[in-house]
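Read through the structure below, which is laid out as structure tokens, and then see the notes.
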Amino acid sequence: MPSLLLRPTTPCFLLPPPPLRHRRSSPLFHKLSIQPSPTSRKSSVSLTRANTTIISSLKPFENVKPYLQSESRTILAGWLCSFVSVVSLSQIIPRIGSFTSTLNANAASPLKLRNSALVLAALFLARVVAGYLQQAYLWEAALSSVYKIRVFAYRRVLERELEFFEGGSGISSGDIAYRITAEASEVSDTIYALLNTVVPSAFQISAMATHMVVASPLLTLVSAMVIPSVALVIAFLGDRLRKISRKAQIASASLSAYLNEVLPAILFVKANNAEVSETVRFQRFASADLSERFKKKKMKSLIPQIVQVIYLGSLSVFCVGAVTLAGSSLSSGAIVSFMTSLAFLIEPVQDLGKAYNELKQGEPAIERLFDLASLKSKVIERPGAIQLEKVAGEVELRSVSFKYGEEMLPVLDGLSLHIKAGETIALVGPSGGGKTTLIKLLLRLYEPSSGSIYIDKKDIKDIKLESLRQHVGLVSQDITLFTGTVAENIGYRDLTTGIDMKRVELAAKTANADEFIRNLPEGYNTGIGPRGSSLSGGQRQRLAIARALYQNSSILILDEATSALDSMSELLVRQALERVMQDHTVIVIAHRLETVMMAQRVFLLEKGKLKELSRSSLLGTHKDSLSSAGFVI
Ligand SMILES: Nc1ncnc2c1ncn2[C@@H]1O[C@H](COP(=O)(O)OP(=O)(O)OP(=O)(O)O)[C@@H](O)[C@H]1O
């Protein structure tokens, strides 16, 4: 029996909703608009620009083939059931005729009648059961294939370099989410339609064609001549449908992307009285979606009708001509037999047309889904990259330069910096000075344009990415917490392998978070709401520090949040930082003078250059100079 339990266990975390976009008149709409997939016509240009490697540009179904092959047993089981179903039907039809004759015969024996009825019932049951199993097996194959494609696409998306998510790809995360959810579901519908139609229809067509040849080879030949003209029309309309479907998918993805961007920002929307204008924006997205989807539905309804008209029309003309030519050589019995078989042939031929429709409609979804997985990350792990077991925490940058795009100005320009193991340094500088960029390079989220970065004298390019990011902990300015419990958020690294509660509690204590966590209704098992919305700013910061401590890395990067905390919360966070600084190499992107003063050395990052500042000079610096250097006064 098909095992339809395909779903993996529900993840404990819901990822933060992805951002979106739009296409239309306003600049915001432009900013939000979803781009056609990177492998569409224009994509070759953008791909070249992105200097990415195309793994696969094969036709959509070439990509799906391996996944279908992995389900070949289930598919064969489904087709076998369809064969049994057709055979049962072939047996039922003549038996119904003879059963009716037996009923009409005066001398019908009750035993004979009962036996005929039993055989008919058994055949009918066999057809019903085989029909059900056929559909169940084929759905299992289609859904399982798409489940594997989804997992593959998602894994490849997560493997992409940060630039892919920061606008370099032109694909918004709302679009990605739409492809992996709704469009993947469409792919399973397409696969199912094909599996459930092509082979079962072929069985029925073969059976009926055999009957037709027996009845009249000439008329069969005439009927066969109609098929190429129908095929031509189907191919033309199918191509139109594919284009319309692609537009419809892009419109739906835009709608989904829009919602993914606006709903998480509901506080901002309400605070700006933007409910009405957001409703208008929603209407624009929804109406674009409506119009594209309506076009698609109309085309889908039109195709079978046109095919039917052409098929029956051409066939009638041909048949009348052929019957006239064949003249008396065709008996009335043969004509009846031929026409009956033809009637049963039309249904599967129409089904094939519908399956072709499904294929053309699903093709863009398949393309868009595989486009996500078709490009390799630019940040590649070298063969033979090493695993760092223990790290002392020495960090060195040698002549590091970086720019986000070929035509852009350098953000970092030949930076050199040596941080000793266990040292705390503060990075200060004006907004946009490149502090966060420097951290991204240290975590190898981007590659420097030139120069190298070393940890414990090892070039980070020679270290396994997982190992590097294990030894470098990050508390970012935009604190990211997920729906889940406090413990799950602190032990995020071990979410799927098993969280160590002792380490969670230790990390929380060091981060000054243990006390408030214990006061929560269920302590460490308290849910913190979407994105940690049920916690205060200071609590969220301490939780983020605890999470970085849990991973036990020797190097910690703290991007100090600039949002104002009350003095008590600030004191608690600062105490946590002091403890962390005792046994870690710490790079703190500091915005407050008090935090800067906790560091042993202070560096100003401005106009791509790094300059060491003396702590004493900072104390005497004028307020205006401090705020132009990025301090929150
Ligand atoms: N993904 C990106 N693509 C293109 N340019 C970027 C990208 N990220 C940052 N930049 C640009 O790089 C420069 C440095 O940005 P960065 O975020 O590193 O500054 P920062 O010093 O951390 O600023 P802040 O203190 O405001 O957080 C800015 O001009 C910014 O616009």
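Tell me the net charge near Asp239. Cut-off is 12 Å between Cβ atoms, Asp239 excluded, with +1 for each Lys or Arg and -1 for each Asp or Glu.
Here the count lands on +4.
Report the relative contact order of the range 401-551, percent, no decimals, based on alpha-carbon pairs under 8 angstrom and at least 6 residues apart.
Taking the mean separation of contacting Cα pairs over the length of the range 401-551, I get 22 percent.
I need the calculated FRET efficiency for the pair Glu515 and Phe294, taking r as the beta carbon distance and R₀ as 35 Å, to the nearest 0.05.
Efficiency at R0 = 35 Å is approximately 0.05.
R0 = 45 Å: FRET efficiency of Ser476 with Ala121, Cβ-based, nearest 0.05?
The computed FRET efficiency comes out at 0.05.
Taking Lys296 as the anchor, which lysines have their alpha carbon closer than 16 Å to its alpha carbon, excluding any fewer than eight residues away along the same chain?
Partners found: Lys243, Lys247, Lys354, Lys360.
Which net charge results when you count Lys and Arg as +1 and Asp and Glu as -1 among the other residues whose beta-carbon is under 15 Å from that of Gln350?
-1
Can you give the local net charge around Gln134? Use residues other than it whose beta-carbon is closer than 15 angstrom to its beta-carbon, Lys and Arg +1, Asp and Glu -1.
Combined, the nearby Lys, Arg, Asp and Glu give -1.
Kindly flag which residue pairs out of Lys148/Lys390; Lys148/Lys457; Lys65/Lys458; Lys298/Lys376; Lys390/Lys509; Lys295/Lys378 have an alpha-carbon separation exceeding 31 Å in this structure.
In this structure, Lys148/Lys390; Lys148/Lys457; Lys65/Lys458; Lys298/Lys376; Lys295/Lys378 exceed 31 Å between Cα atoms.
Restricting to Cα pairs below 8 Å that are 6+ residues apart, what does the relative contact order work out to for the range 235-292? Please round to a whole percent.
Computed value for the range 235-292: 55 percent relative contact order.
Dipole magnitude of the range 395-629 about its Cα centre, charges +1 at Lys/Arg Cβ and -1 at Asp/Glu Cβ only, in debye to the nearest 20?
With only Lys, Arg, Asp and Glu charged at Cβ, the dipole is about 280 debye.
Sorted by packing (mean other beta-carbon atoms within 10 Å per residue), highest first, where do 174-186, 440-452 land?
The packing order, highest mean first, is 174-186, 440-452.
How many nm separate the modelled label positions at Glu159 and Ala224, each set 7 Å beyond the Cα in the direction of the Cβ?
Spacing of the two 7 Å Cα→Cβ label points: 4.8 nm.
To make sure I understand, if each residue's beta carbon is the centre and we count other beta carbons within 10 Å, what order do Ser173, Ser416 fall in, fewest to most?
Listed from fewest to most nearby Cβ atoms, that is Ser416, Ser173.
Please state the relative contact order of the range 135-254 as a whole percent: Cα pairs under 8 Å, 6+ residues apart?
34 percent
What is the fewest-to-most order of Glu466, Glu71 by other Cβ atoms lying within 10 Å of their Cβ?
Going from least to most buried by this count: Glu466, Glu71.
Could you work out how far apart the two model spin labels at Leu613 and Glu406 are, taking each label as a point 7 Å from the Cα in the direction of the beta carbon, and quote it in nm?
The modelled label-to-label distance comes out at 3.8 nm.
Taking other Cβ within 10 Å of each residue's Cβ, how do Lys403, Lys457, Lys296 sort, fewest first?
Listed from fewest to most nearby Cβ atoms, that is Lys457, Lys403, Lys296.
Each reported figure results from applying straightforward, stated rules to the coordinates on display, with no laboratory input. Because the structure is predicted, anything quoted here is derived from the model rather than measured. Note that we place each Cβ from the backbone using ideal geometry, even for glycine, and neighbour counts take in every protein chain shown.
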